[in-house]
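The values are calculated or read from the model by the stated rules, or taken from the named source; none is laboratory data. Treat the numbers as computed from the prediction; the structure is a model and nothing was measured. Neighbour counts are summed over all protein chains in view; Cβ atoms, including those assigned to glycine, are modelled from backbone coordinates with ideal geometry.
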Amino acid sequence: MTEKQFNNELLAMRDKLWYDALSLTSDHENAKDLLQDTFLKALIHRDKFVHNTDFKAWTYRIMQYTFINNYKRNIRTKKIFDKSNVDFRLLFSNDNLYPSPDSFFSFKEILNCINTLENEYRLPFTMFLDGYTYKELTDYFKLNVGTLKSRIFFSRKKLKKVLTDYEG
């Protein structure tokens, strides 16, 4: 498939992909972002499309994986609290109890333990906790995925050994 044919096929799918993105996100702005990300990834990875296969399924799969990865990243991201006049109780759902003072102390101890890790373990581990994907981390650190996963695994293992009082 030539580049022009590929682009025409992709543009022809725009309306269908828009409705699929809208059904996944339930929000117009997020659907626009998801559609844009899907188009971008499809164009970047055009060489990976196998000719005479289902183009619609291929692009939809890109959209699904993009949505899932974004969702997982959003779940893991930390909430940043500012010092505005926002009522502190509104920041927590009604299901949760207020964090106890000793939980903040425990969090501080855990962060201190993470900071004792060597840089080659601490940096990938903390970035992974911040929501970066393995792909993003392997590109950033110029490592293969196996090495990266091993470093994150060993970081967890070292922390588990040090933080035996916090095991649940």
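Of all residues being over 18 Å from the mean Cα position of the chain (by Cα) and aliphatic (A, V, I, L, M) in the stretch 112-163, which is nearest to residue 66 (Cα to Cα)? Just the residue, please.
143
Please go through the stretch 56-91 and pick out each residue that is among the aromatic types (Phe, Trp, Tyr), at pLDDT below 90 and either surrounded by 10 or more Cβ atoms within 10 Å (Cβ to Cβ) or under 22 Å from the mean Cα position of the chain (by Cα) (or both). Step through it out loud before you land on a result.
Filtering the stretch 56-91 down to residues among the aromatic types (Phe, Trp, Tyr) leaves 58, 60, 65, 67, 71, 81, 88.
From what's left, at pLDDT below 90: 71, 81, 88.
Across the stretch 56-91, the qualifying residues are 71, 81.
Out of all the residues in the stretch 50-67, which are in a helix (DSSP H, G or I) and touching a residue at least 40 places away in the same chain (Cβ under 8 Å)? Before you say what the answer is, go through the steps one by one.
Step one: of the stretch 50-67, the residues in a helix (DSSP H, G or I) are 55-67.
Residues satisfying the conditions are 55, 56, 59, 60, 63, 64, 67.
Anything in the stretch 23-44 that is part of a loop (DSSP other than H, G, I, E, B) and of a type in the set (Ser, Thr, Tyr)? List them, or say none.
Residues of the stretch 23-44 that are part of a loop (DSSP other than H, G, I, E, B), as a first pass: 26-27.
Matches in the stretch 23-44: 26 only.
Any idea which residue in the stretch 8-17 is farthest from the chain's Cα centre (by Cα), counting only those that are surrounded by 15 or more Cβ atoms within 10 Å (Cβ to Cβ) and outside any loop (DSSP other than H, G, I, E, B)?
The extreme case among them is 9.
Tell me, yes or no, whether the stretch 30-37 has at least one residue that is touching a Ser or Thr at 6+ places or on another chain (Cβ under 6 Å) and not hydrophobic (A, V, I, L, M, F, W, C).
Yes: one or more hits.
Specify which of the listed residues (13, 1) is in contact with a Lys or Arg (Cβ under 8 Å, 6 or more places away or on another chain) and either more than 19 Å from residue 136 (Cβ to Cβ) or assigned by TED's automatic domain parsing to the domain that holds residue 130 (or both). Spell out how you get there, then give the answer.
Numbers: 1 fails: in contact with a Lys or Arg (Cβ under 8 Å, 6 or more places away or on another chain).
Exactly one of 13, 1 is in contact with a Lys or Arg (Cβ under 8 Å, 6 or more places away or on another chain) and either more than 19 Å from residue 136 (Cβ to Cβ) or assigned by TED's automatic domain parsing to the domain that holds residue 130 (or both), namely 13.
Give the residue, chosen from 20, 47, that is in contact (Cβ under 8 Å) with a residue 40 or more places away in the chain and assigned to a helix (DSSP H, G or I).
20
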